[in-house]
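A quick write-up on the structure given underneath.
The values are calculated or read from the model by the stated rules, or taken from the named source; none is laboratory data. For clarity, every value in this text was computed on a predicted model and none was experimentally measured. Here Cβ is always computed from backbone atoms with ideal geometry, including for glycine, and neighbour counts include all displayed protein chains.
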Amino acid sequence: FKQRRRFVVRTLKNLGMKVGPGSIEENIRNEASCVQDRIADYEGKPFDIFHYVTVAVANVICSMTFGKRYDYEDEKFREVSQASATVLAEIGAGQLISIFPFLRFVPGACLNVSEHLPKIHKFVKEEIDRHRGNLDRENPRDFLDFCLLELEQRGKVDGLTKENVLYMAQDLFMAGTETSANTLRWSLLYLTLNPDIQKKAQEELDAVVGDSLPALPHRSRLPYVNACLMETMRIRTPGPIPLHATTQEVNVREYTIPEGTRHVKNAPHLYQNYLPGMQNKQTNSYSKSDHTTGYLLFPGRRGCLGEQLGRMELFLFFSTLLQSFTFKTPEGASRPNTDGVFGMTLTPHPFQLRAIPR
């Protein structure tokens, strides 16, 4: 596991998951412009942003993993991306079966997962086969090329198999899409419900970025925009039920939990206690000296290996869209449901919004 993880992190850094020269930033900015154009086509009319956000985020990780991006009207890719979203939304039922084994006899408990997961397997396997057919050993282009070279050369990753490569690429595609895409969906939904906050974020963008396009160097000068994203992740955690196992026997109240026991954390509950010291309510400013901005997805050696990429994507997509549009709830529409669909990710219920060009 450690060798494979180091290999993945090193390869993604080589492919641009870093800040500075050789960064994937330009690809993200180009993709942000593409989704911006798609949204502009609606000319302020109500629409569902779900698919556009999915493809925009997926194209970033697909460019690194498979060396290609997909058109927003590509029906095959739409089917695969919808399958990925369904699996991650409903795989929570499988985790409940681990805790309550009798649920495996309940019809349909994991039916959608078993139906859609093979579609993702097939999609990734076809990409691997395509890469085998045109592999340039002197100039690896993407993650799969580096994996195939590692398989041939038997380099630094002991025991790496074809099956490992399939599942690593699949994990990058699924996790690298839905976590960031859902955070963006929640962010835009909450902007429509809080127009005063949206206006303040836009004023900050106008003052700092002006008529240019948002870029990573702007990030440190946009504390309010960043606070909007961080607050979204606090109240609508991207990974609400992270799986862990005890590394030693531990006592919790009157219970003794043996070493190696799998357990599920209720992560959203941990983030509901707002830290009043972070905000001066009179000036609506934020403390820069308090760095209590950790999330369970990010810390430690087993933290999210795509953290840096995720933060880059969220900032660039969010700031670009917020600079270009004012998001509103359609006239006469009822208030959107903000409970979410609980699974490996927390997905908002389908909603429509209006994107008014600025």
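Structure values in brief
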| read-out | value |
| --- | --- |
| So Thr247, is it outside any helix (DSSP H, G or I), modelled with pLDDT under 95, under 28 Å from Arg354 (Cα atoms) and among the β-branched types (Val, Ile, Thr) | no |
| Residue check for Asp48: under 21 Å from Thr183 (Cβ atoms) and surrounded by fewer than 20 Cβ atoms within 10 Å (Cβ to Cβ) | yes |
| Hits in segment 25-42 (condition: free of Cβ contacts under 8 Å to residues at least 12 places away in the same chain and either in a loop (DSSP other than H, G, I, E, B) or among the aliphatic types (A, V, I, L, M) (or both)) | Asp41 |
| The lone exception for Ala56 - which of (1) modelled with pLDDT under 95; (2) touching a Cys at 6+ places or on another chain (Cβ under 8 Å) it fails | (1) |
| Residue match in segment 66-78 (condition: within 24 Å of Met168 (Cα to Cα), under 18 Å from the mean Cα position of the chain (by Cα), of a type in the set (Phe, Trp, Tyr) and not in a loop (DSSP other than H, G, I, E, B)) | yes |
| Residue in segment 162-183 that is crowded, with 16+ Cβ neighbours inside 10 Å and farther than 23 Å from Phe66 by Cα present | yes |
| Qualifying position, being at pLDDT 80 or above, surrounded by 10 or more Cβ atoms within 10 Å (Cβ to Cβ) and of a type outside the set (A, V, I, L, M), among Arg253, Arg335, Arg311 | Arg311 |
| Residue check, Thr192 touching a strand residue (DSSP E or B) at 6+ places or on another chain (Cβ under 6 Å) and either part of a helix (DSSP H, G or I) or modelled with pLDDT under 95 (or both) | yes |
| Residue that is modelled with the highest pLDDT [pool: residues in segment 338-358 that are assigned to a loop (DSSP other than H, G, I, E, B) and polar (S, T, N, Q)] | Gln352 |
| Filter result for Glu26 (among the acidic types (Asp, Glu), buried (at least 19 other Cβ atoms within 10 Å of the Cβ) and under 19 Å from the mean Cα position of the chain (by Cα)) | no |
| Filtered residue count, segment 189-207, keeping only those that are touching a helix residue (DSSP H, G or I) at 6+ places or on another chain (Cβ under 7 Å), of a type outside the set (Ser, Thr, Tyr) and crowded, with 18+ Cβ neighbours inside 10 Å | 6 |
| Single condition Gln323 does not satisfy, out of (1) part of a helix (DSSP H, G or I); (2) at pLDDT below 90; (3) touching a Leu at 6+ places or on another chain (Cβ under 8 Å) | (2) |
| Pairs where the first residue, in segment 2-24, is under 14 Å from Glu307 (Cα atoms) and the second is of a type in the set (A, V, I, L, M, F, W, C) and assigned to a helix (DSSP H, G or I), C-beta under 6 Å, 6+ apart | Met17/Leu309 |
